[in-house]
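Since every read-out is calculated from the coordinates, none of them should be taken as a lab result. Just so it is clear, the structure is predicted and the values come from calculations on it, not from any experiment. Glycine also receives a Cβ, built like all others from the backbone with ideal geometry; neighbour counts cover every protein chain displayed.
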Amino acid sequence: MTTNTLVAQQRSKRPLSARLASTSKIVFLAIAALFTLGPVVWTILTSLQPPTESLGATPSLIPKDLSFESYKAVFQQVDMVLLIVNSALVTLLCAVGQMITAAMAGYVFAKIEFRGRGLLFGLVLATMMVPMQVTIVPVFMLIRGMGLSDTLLALILPAIPTAFGTFLMRQYFLGLPDELGEAAAIDGAGPWRTFFSVYAPLATPGLAIVGILAFNYHWNEFFRPLIMLISEKNYTLPLGLVTLQGNKGTGSVATILAGVVISMIPALFVFIFGQRTLREGLTAGSHR
Amino acid sequence: MTTVTKTPQATEPASASRDTAARTRRSERRLALVFLIPTVGGLALFTFIPIVGSLVLAFFKWDVISSPKFVGLSNFIDIVADGTVRRSFLNTILFVVTTVILQLSVALGLAALVQSKLPGWLRSIFRSVFFFPLILSAASVSIMMSYLFNQQFGLVNWLLGHIGIPAVPWLNSGPGAIVMVILVYVWQNFGFSFLLFLGGLASIPREVYEAAAIDGASGWRQFSRITLPLVSPTILVASVMAIIASLQIFDQPYVLTRGGPGDSTRTAVMVIYESAFQQLQFGRASAIGLVLTVLIMLVTAVQFRLSRRFVFYS
């Protein structure tokens with residue numbers, strides 16, 4: 001064997017093992033991805049079967065004939081329109097309310113000095129330490145006392161003041177230079193003008209984070225609706241679907257899964273159009 | 001900020017600017033007050049007062065109908081003696097330990113693979129995929145999983161049947177239900193730790209790995225000697241956040257099993273819910289809630305200690 005071929009052999013050996021390593025890495029990641037997406041794909045495929053077939057004894061991966069009958073069925077079995085409207089109302093009002101109040105409070109904590117500011121902000125942050133499940137009993141009493149039990153307001157009002165959103169918005173406003181406000185003051189703008197026409201418009205990316213987080217959380221939430229809502233006409237989508245699943249006699253698997261798929265659609269939109277913002281917001285809490 | 005000159009010639013403009021400064025200050029205070037009221041007032045009403053209320057209620061017996069009665073520590077004595085409450089706390093701890101270990105190791109492994117040399121488009125696809133379950137509702141996910149894991153018709157048992165495993169009674173046996181709650185919870189939540197790890201790994205400089213590769217360190221050696229120590233601050237943060245979240249586990253076991261069979265998947269929050277809103281024992285529910293809060297605060301305190309002692313900060 002000449003030295004030349006030996007060198008050539010050695011040279012080709014490394015890339016091969018490296019290629020093998022990276023291929024096995026990708027294969028492993030692909031399998032993990034299959035486990036992650038598989039259940040969702042199965043849900044979508046099953047929801048596209050007619051209501052009777054999905055009760056069959058042999059589970060099938062690919063539906064024999066695609067149909068939207070299960071979607072029609074779920075709208076007949078529960079008042080899906082009402083569930084969607086209720087969920088949308090709660091979600092949108094919580095999100096908008098949180099964006100407005102968090103922007104206002106975050107701005108004050110970042111840009112306006114007053115005595116006791118640090119202490120007050122510390123107290124606001126401290127409320128994040130106590131889990132919502134612990135305060136739910138007194139909150140329920142409070143809501144009852146206000147005459148709001150079994151209304152959508154029972155979900156919306158307590159969710160609007162947000163410590164985490166305030167924290168995020170304060171961070172955001174701290175990142176905007178003080179000189180902007182000083183320049184506005186020299187031009188004769190008062191504190192209100194300075195906020196509304198200088199700082200607030202610049203804070204839209206921060207607001208988007210607060211809004212998307214709130215949207216995702218409240219669209220999906222289950223615990224508070226379960227406690228606060230009694231009559232079915234006030235149910236939100238997750239609560240309605242769990243109730244429908246509970247009365248198993250009434251619905252076939254495909255029908256209920258059609259409802260589940262519908263409940264995923266808004267989250268999917270957020271995922272496609274606001275994924276970056278959502279990721280930023282979700283990890284923001286860890287940099288405290 | 002306007003500066004006030006003290007020379008006598010400038011008296012007039014100075015007092016004028018002092019006037020405007022005072023006016024600005026007043027209007028700034030008004031703005032601060034108006035802007036803070038919704039958040040601070042709201043949090044006081046819906047978080048602070050309820051915390052105090054919970055603290056007080058824990059020492060009372062109250063069923064809403066009759067007036068509250070002071071009972072001292074008897075709620076706490078009751079819950080310690082109650083087998084269901086004890087079981088639910090043990091279950092919660094079991095869920096915390098298992099889900100946190102699984103969640104963190106899956107997330108760190110996948111994050112390390114995704115962050116290593118990969119074509120950019122593949123990296124962004126995998127990043128999106130692993131984060132996807134996080135945005136779904138726990139209720140919807142649990143419904144969908146309850147069908148996937150159905151003993152007779154479920155796809156999971158059908159697939160297991162093909163490799164010779166007889167139908168597993170996922171929802172109808174204690175151990176099956178426990179494993180299923182853990183799997184469903186981890187499936188939905190590992191994406192959060194994954195995101196944290198992606199951030200942590202991205203901050204490790206590439207040169208460290210290149211130097212290690214030149215010295216002939218293998219992939220595994222690089223992971224255990226470089227990645228693990230350098231990512232330890234993120235591991236701490238991720239585990240604390242995961243522990244706190246899983247101490248509050250409710251949606252998955254509620255929808256999947258309602259706590260059953262028996263008490264085998266009943267959790268602390270589920271007992272709070274049942275005590276308060278099914279048995280109308282609000283004092284007892286508050287007492288259980290307090291115990292849970294203390295657990296959560298302990299975790300936070302331990303985090304503070306650990307982060308000073310063990311974690312490597314570059």
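Laid out as a table, the results:
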{"read-out": "Percent of C-alpha pairs per 5 Å bin, chain A, short to long", "value": "1, 5, 9, 11, 12, 11, 11, 10, 8, 7, 5, 4, 3, 2, 1, 1, 0, 0, 0"}
{"read-out": "Separation of the B:R86 and A:F273 label points, Cα + 7 Å toward Cβ, nm", "value": "5.5"}
{"read-out": "Sorted by Cβ neighbour density within 10 Å, fewest at the top, the residues B:D251, A:D150, B:D263", "value": "A:D150, B:D263, B:D251"}
{"read-out": "B:A167/B:S67 FRET efficiency (R0 41 Å; Cβ-Cβ; nearest 0.05)", "value": "0.15"}
{"read-out": "Kyte-Doolittle at least 1.0, axis length at least 18 Å by Cα - qualifying DSSP helices, chain A", "value": "A:80-111, A:132-145, A:253-284"}
{"read-out": "Cα gyration tensor category, rounded, prolate or oblate, for the stretch B:214-314 with a/c compared to 1.5", "value": "oblate"}
{"read-out": "Value of relative contact order over the stretch A:70-287, rounded to a whole percent, pairs C-alpha under 8 Å and six or more apart", "value": "35"}
{"read-out": "Net dipole in debye of the stretch B:74-309 [+1 Lys, Arg Cβ; -1 Asp, Glu Cβ; about Cα centre; nearest 20]", "value": "420"}
{"read-out": "Per-pair calculated FRET efficiency, R0 = 30 Å: A:I44 and A:A200 via Cβ, rounded to 0.05", "value": "0.15"}
{"read-out": "Spherically averaged projected area in nm², based on the convex hull that wraps the Cα atoms of the stretch B:74-309", "value": "16.2"}
{"read-out": "Relative contact order (%) - the stretch B:74-309, alpha-carbon pairs under 8 angstrom, separation at least six", "value": "30"}
{"read-out": "Centre separation in Å (Cα based) which lies between the stretch A:85-101 and the stretch B:57-76", "value": "36"}
{"read-out": "Cα point-scatterer Debye curve for the protein assembly as shown, base-10 log of I(q)/I(0) at q = 0.05, 0.06, 0.08, 0.11 Å⁻¹", "value": "-0.27, -0.39, -0.67, -1.16"}
{"read-out": "Full-extension gain in nm, B:L45 to B:D215, via 0.36 nm per residue minus C-alpha separation", "value": "55.1 nm"}
